[in-house]
1. Given the conditions (1) in contact with a Cys (Cβ under 6 Å, 6 or more places away or on another chain); (2) under 14 Å from F314 (Cα atoms), and given that Q95 satisfies all but one, which numbered condition is not satisfied?
2. From the list I352, I367, exactly one residue is in a helix (DSSP H, G or I), touching a residue at least 60 places away in the same chain (Cβ under 8 Å) and either in the same structural domain as A134 (by TED's automatic domain parsing) or over 17 Å from G206 (Cβ atoms) (or both). Which is it?
3. Among the strands (runs of 3 or more DSSP E) lying completely within region 21-95, list those that include at least 3 residues that are crowded, with 22+ Cβ neighbours inside 10 Å, touching a strand residue (DSSP E or B) at 6+ places or on another chain (Cβ under 8 Å) and among the β-branched types (V, I, T).
4. Evaluate the following for G139: is it in contact with a Cys (Cβ under 9 Å, 6 or more places away or on another chain) and either under 19 Å from T317 (Cα atoms) or among the charged types (D, E, K, R) (or both)?
5. Hey, among D247, D218, which residue is buried (at least 18 other Cβ atoms within 10 Å of the Cβ) and within 20 Å of the chain's Cα centre (by Cα)?
6. Any residue in region 111-134 that is more than 25 Å from F201 (Cα to Cα), of a type outside the set (D, E), at pLDDT 95 or above and in contact with an Asp or Glu (Cβ under 8 Å, 6 or more places away or on another chain)?
7. Filtering region 277-325 down to residues that are touching a Cys at 6+ places or on another chain (Cβ under 7 Å) and outside any helix (DSSP H, G or I), which residue is surrounded by the fewest Cβ atoms within 10 Å (Cβ to Cβ)?
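The values are calculated or read from the model by the stated rules, or taken from the named source; none is laboratory data. Quick caveat: nothing in here was measured; it's all calculated off a predicted structure. FYI the Cβ positions are ideal-geometry reconstructions off the backbone, even for glycines, and counts take in every protein chain you see.
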Amino acid sequence: MEEVKNIDYRINPELPKRMDFRIGVIGAGAIVRNCHLKAYEDVGFNPYAITSLSLEESENVAKQYNIPHVYSSWKELIDDENVEILDIAIPPDKQLEVVRYAVTKPYIKGILCQKPLAMNLEEAKDIVKLCKEAGVKLGVNSNMRYDQSIRALKTVLEKGYLGKPVLATIDMRAIPHWQTFLERYDHIEILNMGIHHVDTFRYLFGDPEKITAVTRHDPRTKFNHIDGISQYTFQYADEVMATSLDDVWAWQGEGVEKDIYIKWRVEGLDGMAQGYIGWCYDERTPSKMEFTCKQFPNQWIRPEWDSVWFPDAFRGTMAQLLRAVETDTQPEISGEDNLHTMAAIDACYLSIKEERTVKFSEIDITI
């Protein structure tokens, strides 16, 4: 029998053999500065060029990370024939335009898009189709899959320690800083925050059979929106149920103590696991996972790690794309896989609109 101390949780991403792929980064905001580029520097990837809407900001980030080439526009960056990989870190409603131009360049081998892939499923399909027809590897930065607690949970499930899964829950209490471009849309929470949880459920359990979602407005969010505080439940053919409560009200303001967290829990026939996501990159807080099961009776098993979701998970999302380019295989989080996540989100919004449970098969993901 395997001993507790010998469990390999497989939390670290598999890196490409070639580490010097020349990466062109489009965007220079806080996530790029604090997550993308910090993760790439830590693991030894090769950011070659950068651009953003602010040349000054691009130059400052380039200086911080020793990026040799700065461009004043994304088209100028893509026109550089030395760029092999694109890391697109701009609002999702702008990604299609960039991808459409990038796939015309034969030297672009791989593209990493942010999540959501687009603001709607149809544009996401267009992105996937463009890359497929051009033979360009398309990965999606669904980085919660590379949080160490989620990867360890995946291993615990695959090893059968919990037995057949019965119930999975995610409980998020958070205060979002909605990007200003979202004010033009009314789909906000599930598409832009809950998407992490939707994709994680798919990573752990696959596509659901049916989805039920409810929501109410968030008093803090003043622009028009369909989904503020949201709850959505995935039901599977084998009766597994996965549900997430996304509470973006969470804190009433000065004079009230904060209690902000993301907690997950999975219960099976033979055990249970739970964890907290350490998600703030301002204070390095490692995610935690613990489990108890019949195979290792009468104890909690609590592995410890130093890595954190932000920025360390961003090593994995780029690594999976680079390995796909290197080995001519599909990325672990490919564009086609991500269409299933986008379809699940569409099912959530259809459930909210029509006040009913929606079968996953109702959503067309063919391209």
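1. Against the list (1) in contact with a Cys (Cβ under 6 Å, 6 or more places away or on another chain); (2) under 14 Å from F314 (Cα atoms), Q95 comes up short only on (2).
2. The conditions single out I352.
3. Answer list for region 21-95: 22-26.
4. Yes.
5. D247
6. Yes.
7. Y281
Conditions (1) assigned by TED's automatic domain parsing to the domain that holds Q231; (2) hydrophobic (A, V, I, L, M, F, W, C), marked per residue:
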site: D87; (1), (2): no, no
site: P92; (1), (2): no, no
site: Y107; (1), (2): no, no
site: G110; (1), (2): no, no
site: L138; (1), (2): no, yes
site: K154; (1), (2): yes, no
site: G163; (1), (2): yes, no
site: E183; (1), (2): yes, no
